[in-house]
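I have placed the structure first, in the form of structure tokens, so that the comments after it can refer back to it.
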Amino acid sequence: MKKVVPKTALSIACLVLIWGLSWSIYKMALTSTPPLLFAGMRSLLGGLLLALILLPSWRKIKWRQNWHRYIISALLNAACFYGIQTVGLLYLPGGLFSVLVYFQPVLIGLFAWLWLGEKMSIVKVLGLIIGFVGILSVSSDGLTGNISFFGVFLALLSAVSWALGVIYVKKESSHVDSMWMVALQFVIGGGILTSIGTVVESWSSIIWNADYLLGLGFGATFGIPVAFVIYYKLINAGDASKVASFTFLVPLIAVLTGTVFMNEPFTYTLLVGLILIVVSIFFVNYQGKKTAKPIRDRDVVSYDA
């Protein structure tokens, strides 16, 4: 396995920290704003900021050929994912919600096997089974009334939407510019959520206090543009597998910050479920050791004159 260079390690650490802290920050902001308007505004502003940065390369958009790809990606990765996620945070502690949402890498392994033809190893199957048991453990508090079962359902639905979105983007990556795909999916998805929020919610319900401004500002800068720029730079540098293997730290950070700073409950069943889901995500992303292919004489090419 290649060593992680300091610059890559710092980028991964920043990405995981941003995603981990976001749950408690958004949870705090939701006490001062309707959920759909909050999700829509932070997605829209974040997408516009990234689009502004990418503006010199606007010819890469190729709207006529790719408009349907941008819209489908926006529905899965922004409108459904952020919309369901933000509403779901009203019913569950931020830490617990993040644990369930980060079951998404396990779902990606399953969907990639079904629709992208990727191999499903014994280790991956074991990871899926362990993850399912973890979900049952976490959901058991919802069945006893201690935790909202509807919130658990929304968290899993959010994970499904995100997993489908990632698979779709991966499948269509050869047709579109990845950075513009990110920017436009949040502009379009944020616009859809803001429009729906305008109809079913009230702008006058927003309390423009420090909690709301922190949540909106964090989401529109670090949460969307900065995080996804880091994410795609790591992928383009060939570090996608490293990013996937480190995302299990996100729910741990979210649970820790929620418990310490927001007094969120931490039960034994939640701990067991969290551990199982972390193990599941590790197994699904485990690549195994690759043995070096021996060099044969006929494989050696001489450049001597």
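The values are calculated or read from the model by the stated rules, or taken from the named source; none is laboratory data. The shown structure was predicted, so the numbers you read here are calculated from the model rather than taken from an experiment. Here Cβ is always computed from backbone atoms with ideal geometry, including for glycine, and neighbour counts include all displayed protein chains.
Of the candidates 79, 29, 39, 74, the single residue that is farther than 22 Å from residue 212 by Cα, touching a residue at least 24 places away in the same chain (Cβ under 8 Å) and not charged (D, E, K, R) is 74. Please verify whether residue 161 is without any contact (Cβ under 8 Å) to a residue 24 or more places away in the chain and among the polar types (S, T, N, Q), treating the condition exactly as stated. So residue 161 fails the test.
Within region 209-236, the residues that satisfy the criterion of being touching a residue at least 40 places away in the same chain (Cβ under 8 Å) and exposed (fewer than 14 other Cβ atoms within 10 Å of the Cβ) are 209, 236.
Give the residue that is modelled with the lowest pLDDT, with candidates limited to residues of region 197-244 that are of a type in the set (Ser, Thr, Tyr) and within 23 Å of residue 177 (Cβ to Cβ). Can you show your working first?
Taking region 197-244 and keeping what is of a type in the set (Ser, Thr, Tyr), we get 198, 202, 204-205, 212, 221, 231-232, 241.
Within this subset, residues satisfying the condition of being within 23 Å of residue 177 (Cβ to Cβ) are 221, 231-232, 241.
Numbers: 221: 95, 231: 74, 232: 71, 241: 49.
Of everything passing the filter in region 197-244, 241 is modelled with the lowest pLDDT.
In region 168-186, the residues that are over 22 Å from residue 117 (Cα atoms) reach residues that are assigned to a loop (DSSP other than H, G, I, E, B) and aliphatic (A, V, I, L, M) with C-beta atoms within less than 7 angstrom, at least six apart or across chains, in these pairs: 180/61.
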